[in-house]
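All remarks here apply to the structure that follows.
The values are calculated or read from the model by the stated rules, or taken from the named source; none is laboratory data. These numbers come from a predicted model, not from an experiment. When we count neighbours, we look across all protein chains shown, and the Cβ atoms used for this are built from the backbone with ideal geometry, even at glycine.
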Amino acid sequence: DAELEDEGDDVLVARPPVVTVMGHVDHGKTRLLDAIRNADVGGGEAGGITQHIGAYQVTATHDGMHRPITFIDTPGHEAFTAMRARGAQVTDIAILVVAADDGIMPQTVEALNHAQAAGVPIVVAVNKIDKPEANPAKVRQQLTEYNLVAEEYGGDVIFVDVSARENIGITQLLDAVLLTADAGLDLRANPNKDARGVAIEANLDKGRGAVATVLIQSGTLRVGDAIVAGTAYGRVRAMLNEHGETVAEAGPSRPVQVQGLSTVPRAGDTFIVTSEDRTARQIAEKREAAERNALLAKARKRISLEDFTRALEEGKVESLNLIIKGDVSGAVEALEESLLKIDIDDSVQLRIIHRGVGAITESDVNLATIDNAIILGFNVRPDTKARERAAREGVDVRFYSVIYNALEDIENSLKGLLKPEYEEVKSGVAEIREVFRSSKFGNIAGCIVRSGTITRNAKARVIREGIVVADGLAIESLRRFKDDVTEVRTDFECGIGLGKFNDIQEGDEIETTEMIEKLRV
Ligand code: GDP
């Protein structure tokens, strides 16, 4: 495997950084990519960038030296994350575009979360500074809340004021990218070996067949090489650069459009060069078989309550297997009794295969897996192992705090009725690290958000060792340090006040829920 190859310092040479532009819609990502293309100081001799090939390289001047930078020409964090989901990380640095007249918007936060989750350093481009209402200082101040602290505020993130429209600050922005690359990233690759990299985008061209833009990550790709990209394979027949010129070879961080593949690879598919055509084809065929199997396995997936209802509507006779777990035995018995009283058609069977008191455990989930059952949790939650296993196995685990709601759900399902219009969704989980006594506000839970987002207007419940000890609580105060905030995201600390409810302990979990309109399929 190439990852295991000895790539000592002597064979590694510097490669250009690969940059993705992200940010809120309309903040100027596309326009900025255009401005950067036009700023290419080396573009002159080749006649500028003429071809859209999915990525392009520009030459910037830094400390008097001409240095290339590669830009992915698909703005936004969606493509970035879709590629990551396929196991490909192509981006070295993210440019976060924030319009100075608009400030931080939801997709700004999303984009920076995605970049931070990938461990990709961010350079902030504060755009539209030509506008009279631009407030670049406010953008800097807003972003400190998200751990992006500008250098001038003592942090280590470079903020550059730009106008994509008026071509202001573009060279400074490119300079900031190179500075960021030099400061913390060791961007090197061995150009003297067979190429490997990632497909950035691909399409089927009427005349030329499958064309794919690939980004070389290491090695050098040459015309005539046998390659396999995802389930596509073939010999590189021709390569085109962003200037529309044919090239014979391409080294690390170079984007090229490749012709000669059997089919269209997907964005994020990695490619390698193989020594023979045959090997490329065999790898591609193996991958295709594996994908087919994965699809089949998915089709055989566990039943959810919705699947059951659908199967029933289609006239397929089904039995519905249930596992009931509750916080007290009285509730479990009451639920079981009421469920068994539901008046249903003879063709459908309701079987309660297991019931018990306490948190939902891994063994409950295992049982659900074997007997294809749905788990109903009444005021209880799965423990960590059970939660992971349920997610992995696709087991439907549903939570209720009112018997009537559980009953109604199951009854509707058994009658093949549509789901309720609204459903309660879990929006966040915070773990209580410390309890602060406050005479004015009652007890404050010092928390770290473990998953999702805690929002000020959500409903909260307190869970102790898998048991719901309080439910339907309002969040009376939500603070980060001394500031009241409207939301706190995963991995951030916060203080939560639950008003009159004071029975909180270190180690408890606060789970928040919101009502959302259910999507109908
Ligand atoms: P995207 O959705 O982030 O790709 O945003 P666009 O690049 O499509 O830009 C959205 C709008 O903002 C367009 O009307 C652009 O012309 C405008 N725009 C982009 N950059 C600037 C800028 O620096 N100054 C001004 N005044 N308008 C800009």
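Of all residues in region 120-132, at least one satisfies being of a type in the set (A, V, I, L, M, F, W, C) and modelled with pLDDT under 95. Residues in region 64-112 that are touching a residue at least 12 places away in the same chain (Cβ under 8 Å), away from the ligand (no atom under 16 Å from the Cβ), farther than 17 Å from VAL157 by Cα and not polar (S, T, N, Q): HIS66, ARG67, PRO68, ILE69, ALA82, MET83, ARG84, ALA85, ARG86, GLY87, ALA88, VAL90. Listed conditions (1) among the charged types (D, E, K, R); (2) modelled with pLDDT of 90 or more; (3) more than 30 Å from ARG188 (Cβ to Cβ) are all met by GLU245, apart from (3). Residues of region 188-231 that are within 20 Å of ARG86 (Cα to Cα) and of a type in the set (Ser, Thr, Tyr): THR213, SER218, THR231.
For the structure I just gave you, tell me whether ALA368 is at pLDDT 85 or above, crowded, with 20+ Cβ neighbours inside 10 Å, in contact with an Asp or Glu (Cβ under 9 Å, 6 or more places away or on another chain) and closer than 30 Å to ARG489 by Cα. Considered against the rule, which asks whether it is at pLDDT 85 or above, crowded, with 20+ Cβ neighbours inside 10 Å, in contact with an Asp or Glu (Cβ under 9 Å, 6 or more places away or on another chain) and closer than 30 Å to ARG489 by Cα, ALA368 comes out as no.
Please tell me if THR512 is closer than 23 Å to THR384 by Cα, crowded, with 19+ Cβ neighbours inside 10 Å and out of contact with any Asp or Glu (no Cβ under 7 Å at 6 or more places or on another chain). Against the criterion (closer than 23 Å to THR384 by Cα, crowded, with 19+ Cβ neighbours inside 10 Å and out of contact with any Asp or Glu (no Cβ under 7 Å at 6 or more places or on another chain)), THR512 qualifies. In region 14-32, the residues that are polar (S, T, N, Q) form Cβ pairs under 6 Å with partners that are in a loop (DSSP other than H, G, I, E, B) and within 6 Å of the ligand (Cβ to nearest atom), at six or more places apart or across chains, as follows: THR30/PRO75.
Among the numbered conditions (1) at pLDDT below 85; (2) in a strand (DSSP E or B), the only one that LEU376 does not meet is (1). For region 427-449, check the following and say yes or no: at least one residue is at pLDDT below 90 and aliphatic (A, V, I, L, M). No, there is no match, as no residue in region 427-449 is at pLDDT below 90 and aliphatic (A, V, I, L, M). Taken together, the criteria place THR61 among residues that are at pLDDT below 85 and either within 16 Å of the ligand (Cβ to nearest atom) or not in a loop (DSSP other than H, G, I, E, B) (or both). Could we say that ALA164 is in contact (Cβ under 8 Å) with a residue 12 or more places away in the chain and within 27 Å of the chain's Cα centre (by Cα) here? It is false that ALA164 is in contact (Cβ under 8 Å) with a residue 12 or more places away in the chain and within 27 Å of the chain's Cα centre (by Cα). Select, from LEU4, LEU32, the only residue that is within 15 Å of the ligand (Cβ to nearest atom) and either closer than 21 Å to PRO121 by Cα or modelled with pLDDT under 85 (or both). Testing whether each residue is within 15 Å of the ligand (Cβ to nearest atom) and either closer than 21 Å to PRO121 by Cα or modelled with pLDDT under 85 (or both) leaves just LEU32.
Exactly one residue among ALA181, ALA164, ALA189 is within 26 Å of ASP63 (Cβ to Cβ), within 16 Å of the ligand (Cβ to nearest atom) and small (Gly, Ala, Ser), and that residue is ALA164.
The residues listed here are LEU339, LEU312; of these, the one that is part of a helix (DSSP H, G or I) and either at pLDDT below 85 or polar (S, T, N, Q) (or both) is LEU312. Among the residues here, LEU478 qualifies as surrounded by 13 or more Cβ atoms within 10 Å (Cβ to Cβ), closer than 11 Å to ALA445 by Cα and touching a Cys at 6+ places or on another chain (Cβ under 9 Å). Would you check which residues across region 132-160 are over 18 Å from VAL19 (Cα atoms), outside any loop (DSSP other than H, G, I, E, B) and out of contact with any Phe, Trp or Tyr (no Cβ under 7 Å at 6 or more places or on another chain) and list them? Of everything in region 132-160, those that are over 18 Å from VAL19 (Cα atoms), outside any loop (DSSP other than H, G, I, E, B) and out of contact with any Phe, Trp or Tyr (no Cβ under 7 Å at 6 or more places or on another chain) turn out to be PRO136, ALA137, LYS138, VAL139, GLN141, GLN142, LEU143, GLU151, GLU152, TYR153.
Within region 434-475, being touching a residue at least 60 places away in the same chain (Cβ under 8 Å) and surrounded by 14 or more Cβ atoms within 10 Å (Cβ to Cβ) holds for VAL435, GLY442, ASN443, ALA445, CYS447, GLY452, ARG461, ILE463, GLY466, ILE467, VAL468, ASP471. In the condition set (1) more than 19 Å from the chain's Cα centre (by Cα); (2) more than 16 Å from VAL21 (Cβ to Cβ), ALA88 is compliant with all but (1). GLN349 meets all of the listed conditions (1) surrounded by fewer than 16 Cβ atoms within 10 Å (Cβ to Cβ); (2) touching an Asp or Glu at 6+ places or on another chain (Cβ under 7 Å) but one, namely (2). Of all residues in region 391-412 being assigned to a loop (DSSP other than H, G, I, E, B) and of a type in the set (A, V, I, L, M, F, W, C), which is nearest to GLY377 (Cα to Cα)? Per the criteria, the residue is VAL402. Of the residues making up region 137-150, those that are closer than 19 Å to LEU179 by Cβ and either crowded, with 20+ Cβ neighbours inside 10 Å or within 16 Å of the ligand (Cβ to nearest atom) (or both) are ARG140, LEU143, LEU148, ALA150.
Considering only residues of region 113-131 that are under 14 Å from GLY23 (Cα atoms), of a type in the set (A, V, I, L, M) and touching a residue at least 40 places away in the same chain (Cβ under 8 Å), which is nearest to the ligand (Cβ to nearest atom)? For region 113-131, the residue satisfying everything is ALA125.
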